[in-house]
Amino acid sequence: MKLTLNKISEGEEEIIIRYREMTGRIETVIGILQGTGQRISAEFEGGRAFLAPEEILYLESVDGAVFAYLKDRVCKVAQSLERLSGVYADRGFFRCSKSMVINIYKISYLKSESGNRIRATMENQEEVMISRRYAKRLRQILKGGESREPV
């Protein structure tokens, strides 16, 4: 997919999407732009919030509960890691270990570790370890050689 950006000095901003066939990926982009994209229901501090997937840095399963880590708070999510990594794979969600899913668009820094693992530093400075089982696939995705569709 080709992306063209043109800065204008005046006039109304406009986004034009040209496509041969409407795909899930294009529908996702449209939803994001219109603000109608899917939201993830989450609980925090006795309340409920609806999170845009782009807000989430990573998800972690602890004692059977799934938690979403944002820049400044942690929320409990009712969905499973498997479902979230599948539904939002095209929005950057990547299964990096048995108990964790990261948003690859929220990685600030990557460092190779022994045992073919990768240490990812997220935007909030938290460090997440990508297990060797998933490291090869992440490298392929980052090189542009594999789709983000779940396995």
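In the range 44-69, the qualifying residues are those that are closer than 22 Å to Leu33 by Cβ and free of Cβ contacts under 8 Å to residues at least 24 places away in the same chain, and the one that is most open to solvent (accessible area, probe 1.4 Å) is Phe50.
On the stretch given as the range 29-43, residues that are farther than 18 Å from Thr4 by Cα and at pLDDT below 85 total 7.
Contact map, the range 9-31: first residue among the hydrophobic types (A, V, I, L, M, F, W, C) and open to solvent by less than 100 Å² (accessible area, probe 1.4 Å), second residue assigned to a loop (DSSP other than H, G, I, E, B) and at pLDDT 85 or above, Cβ cut-off under 8 Å, separation 6 or more or different chains; pairs are Ile26/Ile17; Ile26/Tyr19; Val29/Ile17; Ile30/Ile17.
Of all residues in the range 126-145, those that are open to solvent by 70 Å² or more (accessible area, probe 1.4 Å) have Cβ atoms under 9 Å from Cβ atoms of residues that are small (Gly, Ala, Ser) and assigned to a helix (DSSP H, G or I), 6 or more apart or on another chain, in Arg132/Gly115. Just one of the numbered conditions (1) among the aliphatic types (A, V, I, L, M); (2) over 21 Å from Gln38 (Cβ atoms); (3) without any contact (Cβ under 8 Å) to a residue 24 or more places away in the chain is not true of Leu81: (2). Here Ala78 meets each of (1) open to solvent by 80 Å² or more (accessible area, probe 1.4 Å); (2) in contact with a strand residue (DSSP E or B) (Cβ under 6 Å, 6 or more places away or on another chain); (3) hydrophobic (A, V, I, L, M, F, W, C) with one exception, condition (2).
The values are calculated or read from the model by the stated rules, or taken from the named source; none is laboratory data. Because the structure is a prediction, the values reported are computed rather than measured. No Cβ is skipped: glycine too gets one built from the backbone with ideal geometry, and neighbour counts run over all protein chains shown. Each accessible area value is taken on the protein alone, full model and side chains, heavy atoms only, with ligands, DNA and RNA left out. Shrake-Rupley method; radii C 1.70, N 1.55, O 1.52, S 1.80 Å.
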